[in-house]
Amino acid sequence: MLTIGQLAGYVGVTAKTIRVYHAKGLLPEPPRDASGYRRYSAADAVELIKIRTLAEAGVPLARIRELRAGGGLREALRQIDDDLSARIDGLRATQERLRQLAGGQLSALPTDVVEFLSGLPGLGFSERWVALQHDLWLLVFATHPETARANFRDQSSMLADPELLSIVLEYDRVHDLDPRDPRVDALADKLISATHARYGAELPSYDQGSAIPALVQGAVNASSPAWRRLDSLLRERLR
């Protein structure tokens, strides 16, 4: 028979932990001997090892008490194992995002959007344009996930058309022009013709009642007086 201190030493817990397990009904408290000391058997040691193993696996003490009081322990342990596996996967994903953050590569955008953006410089777009597109798509996917995918497919498919690609590249390049430069008006005409050719009478619509489309366009306009005037021309002529 073992004293509480001996049991704690053999199993690798503290005497205080054993007393907590007694108080919570996890481990039955053995009778005391004539001297008033608790005396533990090998069976008590085995039960304590089981409790300690579950506790170290992150199972709450209240749940351990339920498992030991009821049946279906094996199935419950399998469920706990599945939960632990899910937690491990989540921790690994978090670790990977932390590593990306440390390397300056963190992005909340879907992988295909990130790949699309990484290919823009090869098409001739400026770093400014790529950074702007990244931030705008980040905003759209975060606030309108239900429509962001369709909008992205529509916008990204434009660059597969050489004529449309040329127009979008020109949009990027007028950024630094004086807003009264004739090239801004000429680009507006091209954009209007391309928009009607692409969509016909059914121009693309945005979520009614949402401030995000205006916020997106506002971010574009704020970065360039030429882009701001271009937006005004498009609104006037398309209306």
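Taking only region 150-170 into account, find how many residues are touching a helix residue (DSSP H, G or I) at 6+ places or on another chain (Cβ under 8 Å) and among the charged types (D, E, K, R). First the steps, then the outcome.
Looking only at region 150-170, we keep the residues that are touching a helix residue (DSSP H, G or I) at 6+ places or on another chain (Cβ under 8 Å), and these are 151-152, 156, 158-159, 163-165, 167-170.
If we keep only those that are among the charged types (D, E, K, R) too, we end up with 163, 170.
So the count comes out to 2.
Just for region 176-194: of the residues that are in contact (Cβ under 8 Å) with a residue 40 or more places away in the chain and surrounded by 17 or more Cβ atoms within 10 Å (Cβ to Cβ), which one is nearest to W129 (Cα to Cα)?
That would be L177.
Within region 98-118, can you find the residues that are within 25 Å of S156 (Cα to Cα), of a type outside the set (A, V, I, L, M, F, W, C) and at pLDDT 70 or above?
Those that are within 25 Å of S156 (Cα to Cα), of a type outside the set (A, V, I, L, M, F, W, C) and at pLDDT 70 or above: P110, T111, D112, E115, S118.
So, in region 14-51, how many residues would count as being over 43 Å from the mean Cα position of the chain (by Cα) and among the aromatic types (F, W, Y)?
2
Within the group N221, N151, which residue is more than 20 Å from S118 (Cα to Cα) and of a type outside the set (A, V, I, L, M, F, W, C)?
N221
Which residue out of R153, R128, R173 is assigned to a helix (DSSP H, G or I), over 17 Å from N221 (Cα atoms) and basic (K, R)?
Of the residues listed, the single one that is assigned to a helix (DSSP H, G or I), over 17 Å from N221 (Cα atoms) and basic (K, R) is R153.
Which condition does M158 not pass, out of (1) surrounded by fewer than 16 Cβ atoms within 10 Å (Cβ to Cβ); (2) modelled with pLDDT under 80; (3) within 26 Å of S118 (Cβ to Cβ), if it passes all the others?
(2)
Specify which of the listed residues (D135, D154, D189) is of a type outside the set (S, T, N, Q) and over 25 Å from the mean Cα position of the chain (by Cα).
Working: D135 fails: over 25 Å from the mean Cα position of the chain (by Cα); D154 fails: over 25 Å from the mean Cα position of the chain (by Cα).
Within the list D135, D154, D189, the selection yields D189.
Which residue pairs have Cβ atoms closer than 7 Å, lie 6 or more positions apart in sequence or on different chains, and pair a first residue in region 27-43 that is at positive phi with a second residue that is modelled with pLDDT of 90 or more?
Once the first residue is at positive phi and sits in region 27-43, no partner that is modelled with pLDDT of 90 or more comes close enough.
Pick from region 220-234 the residues that are of a type in the set (S, T, N, Q) and either farther than 14 Å from D176 by Cβ or outside the structural domain of D135 (by TED's automatic domain parsing) (or both): which of them is modelled with the highest pLDDT?
Result: S232.
State the number of residues belonging to region 220-229 that are hydrophobic (A, V, I, L, M, F, W, C) and more than 35 Å from the chain's Cα centre (by Cα).
Qualifying residue count for the region: 1.
The values are calculated or read from the model by the stated rules, or taken from the named source; none is laboratory data. These figures come from a predicted structure and were not determined experimentally. All Cβ positions, even for glycine, are placed from backbone atoms using ideal geometry, and neighbour counts span all protein chains on display.
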